[in-house]
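The values are calculated or read from the model by the stated rules, or taken from the named source; none is laboratory data. Bear in mind the structure is a predicted one, so any value in this text is a computation, not a measurement. Cβ atoms come from the backbone with ideal geometry, glycine included; neighbour counts cover every protein chain shown.
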Amino acid sequence: MSGDVTIIGGGNAARDADELLTRAGFPLRHAFELEPGDRNPIILGEAPNAFAVARQAVDQGRHLLVAAPQNFTPERLAYLVQARKKNQAVSIWSERRFHPGYHFVGGLIEADEAWRPRYLRMQTLSMETTTHALADWLTLESIALVIGLAGQAPLSVAANQKQNATRTAPDLLDLTVDFGGIEVFLQVGLGEALERRETLLAGTDRKALVDELNQNTPIRIVEDVPDSSSAARWLSCKAPTPEELARQQVLSFLDATIKQDLAQAEGDVWLRSLAAIEAMERSLVENGIASPVLIREEGQRFRVVPGRGLPTTSPPSVA
């Protein structure tokens, strides 16, 4: 009997999705590659042939959730998102985008114009060993997060990096992203002495800090009161478990498979983010000069305009 979802490959994210859907009663199909006659949405984890499977799925119009995106180069992710059809969901697994702190702040922005950001600063520090693939992924994920908060496409990116000569990959990346009226600063560091995932958002006379790694009070709200010191308070919420973040990610993907507007919105976020990565690479080559983010609008769709592409090194194995 055909399952409602097909899972190909392994890894933590694919395993979490498998367990979640099994408990929810979804009939699942497990495979090593695309099978004739199977038209189910695909959750693609780690596999030696992951990109070949992903490309085939997208070319066939299949709904696809890439559950191990850190193993794909930005060029390959861009291909998958660009090649999708209008009614096709192509999602990229990013648990950070489903953190309740960002959902709370996003709700404030939607509810009150005073929370519309004028300034955003995000710091992402990791103790993991420096690799080009990890630096690319953490930077792409950070850009997607700030695009969601800014609610608009970036215009230009200026970037600088501290290169690790031994690993030929950046230990530290500093980005200034111009959103036209919103100042955005991103910092991504690898091989650090501590883990940090913090975002500061400043609106009109108020600020919000999201500390993703704070297990008890991940949100801090600061309101500037005239003729008085600023009033600050921490907001507590239940720390999200990996299972809950996986649930949000999978449900978002399944919703997008039946709602074209959600699939379109998801695709737009990643196309804009990938275009910003391309602009970052050009800026690094040009010693930090701001480079425009090249996005061309085609009706209601966005796609990256090919320019000077990213370095054409061979992608890492997904084995």
Checklist line | LEU149 closer than 21 Å to GLU266 by Cα, out of contact with any helix residue (DSSP H, G or I) (no Cβ under 6 Å at 6 or more places or on another chain) and surrounded by 18 or more Cβ atoms within 10 Å (Cβ to Cβ) | finding: yes
Check: Is it true that LEU194 is aliphatic (A, V, I, L, M) and surrounded by fewer than 18 Cβ atoms within 10 Å (Cβ to Cβ)?
Finding: yes
Check: Do any residues in region 140-156 that are under 14 Å from LEU201 (Cα atoms) have Cβ atoms under 8 Å from those of residues that are among the aromatic types (Phe, Trp, Tyr) and part of a loop (DSSP other than H, G, I, E, B), where the two are at least six apart or on different chains, and which pairs are they?
Finding: ALA150/PHE179
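Hey, can you tell me all the residues within region 64-83 that are in a loop (DSSP other than H, G, I, E, B) and touching a Pro at 6+ places or on another chain (Cβ under 9 Å)? Give the derivation first.
The initial filter retains those residues of region 64-83 that are in a loop (DSSP other than H, G, I, E, B), namely 67-68, 72-73, 83.
Of everything in region 64-83, those that are in a loop (DSSP other than H, G, I, E, B) and touching a Pro at 6+ places or on another chain (Cβ under 9 Å) turn out to be PHE72, THR73.
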Next item on the list: Give region 229-269 a look and list any residue that's under 30 Å from LYS86 (Cα atoms) and not in a helix (DSSP H, G or I), or say none.
Entry: LYS259
Next item on the list: Mind telling me which of the residues ARG296, ARG303 ends up being surrounded by fewer than 21 Cβ atoms within 10 Å (Cβ to Cβ), under 22 Å from GLN70 (Cα atoms) and at pLDDT below 95?
Entry: ARG303
Note to self: So, ALA54, is that one among the small types (Gly, Ala, Ser), closer than 21 Å to GLU244 by Cα and at pLDDT 95 or above or not?
What the structure shows: no
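For region 34-70, give me each residue that is of a type in the set (Asp, Glu) and more than 18 Å from ASP4 (Cβ to Cβ). Before the answer, list the steps.
Here is the first cut: in region 34-70, the residues of a type in the set (Asp, Glu) are 35, 38, 46, 59.
Hits for region 34-70 are GLU46, ASP59.
Given the structure, is GLY203 within 30 Å of VAL285 (Cα to Cα) and buried (at least 17 other Cβ atoms within 10 Å of the Cβ)?
Values: within 30 Å of VAL285 (Cα to Cα): no; buried (at least 17 other Cβ atoms within 10 Å of the Cβ): yes.
When the stated conditions are applied, GLY203 does not pass them.
Results for (1) part of a loop (DSSP other than H, G, I, E, B); (2) among the hydroxyl-bearing types (Ser, Thr, Tyr); (3) surrounded by fewer than 19 Cβ atoms within 10 Å (Cβ to Cβ), shown as yes or no for each residue.
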position	(1), (2), (3)
ILE7	no, no, no
GLU19	no, no, yes
PRO48	yes, no, yes
GLN56	no, no, yes
GLY61	yes, no, yes
